[in-house]
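Scroll down for the structure; my scribbles are underneath it.
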Amino acid sequence: MVRCPCGQKRGSIVEAGVKNLKTHLVMVGVLLASVCGLSWVAVPQASAEPEQVSISVSANADDTHVVVTGSVHTLAGASVSSISLTISLGSVGQATAVTAGDGSYSARFPRPAPATYTVKAAWGGNSLYAASSGSASVIVGVPAKTKTAMSMDISPTEVLPGGVVTISGFVAGGGRPIVSAMVSLTTTYGGLDPIAVTNGDGYFESSMSIPEEEGFPSSFSVTAVFPGDSVYEGSNAKVSGTIQTPPPAPTEEPTEETTSTSTPSAIQTDTAKNKPDAIMSTFGPSDAVALGGEHMVLVEILFLVVAFVAVGTLLILGIISHSKKALERGERRGFGSDFGKEEPSAIH
């Protein structure tokens, strides 16, 4: 059988068109599939739920603050970072903390009054992580006080009755001076101000007087006490001193005027009469010693007078004796009674 060439040509054209149509349909399908796939990857599925997380909380009170720490992890244990938590300390206040790369966080509150508080950390959630919270209790007790130390000195350590003693001291706590600390002072003997206050360097100073009276003790002591306050513990110091016995009062030496029992008139009368016996009878041995040089002068004068009288007497007696001997010689020579008469002729 012989076929018409025109019919063969028409059939080839139809087959080629069908083939091209199939090719284009496949390409459109692939393109649509690609677009749909990309859209599914880029846009989260509305049916996916946020992942659950766990928040741990712990709190501790130190001397000045309450410190809150914790961490955020998924239930599978993965760290949750960069989420903001709200931290609350009872009704005292709130703070905000952001988790670090390992999921940890921390917050600090000023130390409140002693009590038991509930600490809570809360996360509001987002599309990735579900909301969650955690809590813990913390006991804020009475804070421990800082120990203190006191030193004190007195000057002088030995004092006479009626003297004054200076008291100085220093109060420190935690290695620092305590300013405006009230220090009470007491003593076993004497008088002093009962209160002293430390200055800006922690020093205090006071003074006390020792009574000037009989029957005083041989020693005394001073005690200083810092009772402490809400921050510092108390402390105290004690020092002692000696009260010296005052020296005996000096005695006055007797003077010439007070030891003499004679009167000036009696001395002048006896001196004028040059009578040593009268002087000695008027004055006792102690009076003679008191007169000293004056008595010796009187004795010397009397001695000279007596010596002068004796010498004069001896001269007069010698002249008289010589005259008697001359008369006796003249009588023996025969002058008789005419001896000693004047003869004018002989004289001329």
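Every number here is computed from the coordinates shown, using simple stated rules; none is lab data. The shown structure was predicted, so the numbers you read here are calculated from the model rather than taken from an experiment. We place every Cβ from the backbone using ideal geometry, glycine too, and count neighbours over all the protein chains shown.
For the stretch 148-243, the relative contact order comes to 33 percent (Cα pairs under 8 Å, sequence separation of at least 6). Exposure proxy for LEU85, LEU327: other Cβ atoms within 10 Å of each Cβ, ordered fewest to most, give LEU327, LEU85.
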